[in-house]
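Presented below is the structure to which this report refers.
The values are calculated or read from the model by the stated rules, or taken from the named source; none is laboratory data. Quick caveat, the model's predicted, so the values are computed rather than measured. Note that each Cβ is placed from the backbone with ideal geometry, even for glycine, and that neighbours are counted across all protein chains shown. Areas reflect the complete protein model, heavy atoms only, side chains present, ligands, DNA and RNA absent. Shrake-Rupley method; radii C 1.70, N 1.55, O 1.52, S 1.80 Å.
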Amino acid sequence: MNEGAVPGLPAPGRCLVMGVVNVTPDSFSDGGAWFDADKAIRHGLDLMAEGADLIDVGGESTRPGAQRVSLQEELRRVIPVIEALSQQGVPVSVDTMRAEVAEAAVEAGARLVNDVSGGLADPAMPRVVAAAGVPYVVMHWRGHSHDMQTRAVYENVVTEVRDELARRVEAVLREGVDPSMIILDPGLGFAKHPEAGHNWSLLANLDVLRAMGYPVLIGASRKGFLGRLLAAPDGTPRAFTDSDDATVAITALAAANGAWCVRVHRVRPNADAVRVAAAYRAHAGSAVR
Ligand code: PMM
């Protein structure tokens, strides 16, 4: 079962809700709001109180066009937040492409490594994750944010993302990552073109990724393709922070289609949506004929 338990993480028998805490001044979705460590810690605790199952802490913005931060700055941003949340019993994941950050984060209490590059940005990452023995989100990625959208060229986005993820899985297994620790993510918005429908094709064909046999995580929250979908009649995209209702709709669809986890900025309505989906799935096939 793709929605099944991943070692060391909550297993409530429904799609998990991962609340996002970006400790960055410039993330496209919530830029600057939680840049201060105390604010970030408080926000993580608030998201848990709203029904999050785990909190994803990141210190590097991956919005299209973003430049990289230094290793020292990334560590300075995330480690105190991870430490404080972990000490308070919060299951924390670290959103990083750097092995050194992942290692320090696990030492500070992180229980999962969320690597948007799937081990491509830092070749040392899979080995570090394998040694740490924690679950590993392997996301589909074709290059750093500053020029990733030029790589959004596909004949068939669904099969190409699947095949590229399969190659990443083989690579991280070779580095010693335990198969029970792998979680896959199609990387919505990362080298995916909103006008070409890449994100929608991936969402509508979740079963193709699920058939690979690993839990699937979906990160659609506040992404640009939602802003385009909800554009005003003159074509002005809807603001990121005003696409939360659409995110909730995707959460319900993804959870109903067997997603293991959704990564979201607003937790409460998405936590409701995964419960709706769980009830819906529990009654599938219950018709009396
Ligand atoms: N998206 C962002 C950051 N981290 N991690 C995973 N696994 N999947 C995603 O889709 C994903 C991610 C970018 O969004 P943000 O700037 O709102 O955090």
Cα centroid of region 109-154 to Cα centroid of region 186-216, whole Å: 16 Å
Over region 16-218, give the accessible area per residue in Å² for a 1.4 Å probe, as an integer. 38 Å²
Within a Gaussian network of the chain (alpha carbon springs, distance under 10 Å), most fluctuating of Pro179, Pro12, Pro126: Pro12
What distance in nm separates the simple spin-label points at Asp207 and Leu173, each placed 7 Å from Cα in the Cβ direction? 2.4 nm
Pop a pseudo-label 7 angstrom from the Cα along the beta-carbon direction at both Ala49 and Ser70 and give the gap in nm to one decimal. 3.7 nm
Carbon and sulfur: what percent of region 16-218's accessible surface (1.4 Å probe)? 49 percent
Stretchable slack from Asp147 to Arg42, in nm (0.36 nm times residue separation minus alpha-carbon distance): 34.4 nm
If we count every other residue with Cβ under 11 angstrom of Pro80's Cβ, Lys/Arg +1 and Asp/Glu -1, where does the sum land? -1
Expressed as a whole-number percentage, the relative contact order of the chain with C-alpha contacts under 8 angstrom and at least six residues apart is 20 percent
From phi via Karplus (6.51, -1.76, 1.60), per-residue ³J(HN,Hα) for region 217-228 in Hz, x at Gly/Pro: 9, 10, x, 9, 4, 6, 6, x, 5, 6, x, 5
Gained length - Ala11 relative to Arg238, 0.36 nm times residue gap less alpha-carbon distance: 78.2 nm
Honestly the chain on the Cα gyration tensor test (a ≥ b ≥ c root eigenvalues; a/c under 1.5 rounded, otherwise a/b vs b/c for prolate or oblate) is just rounded
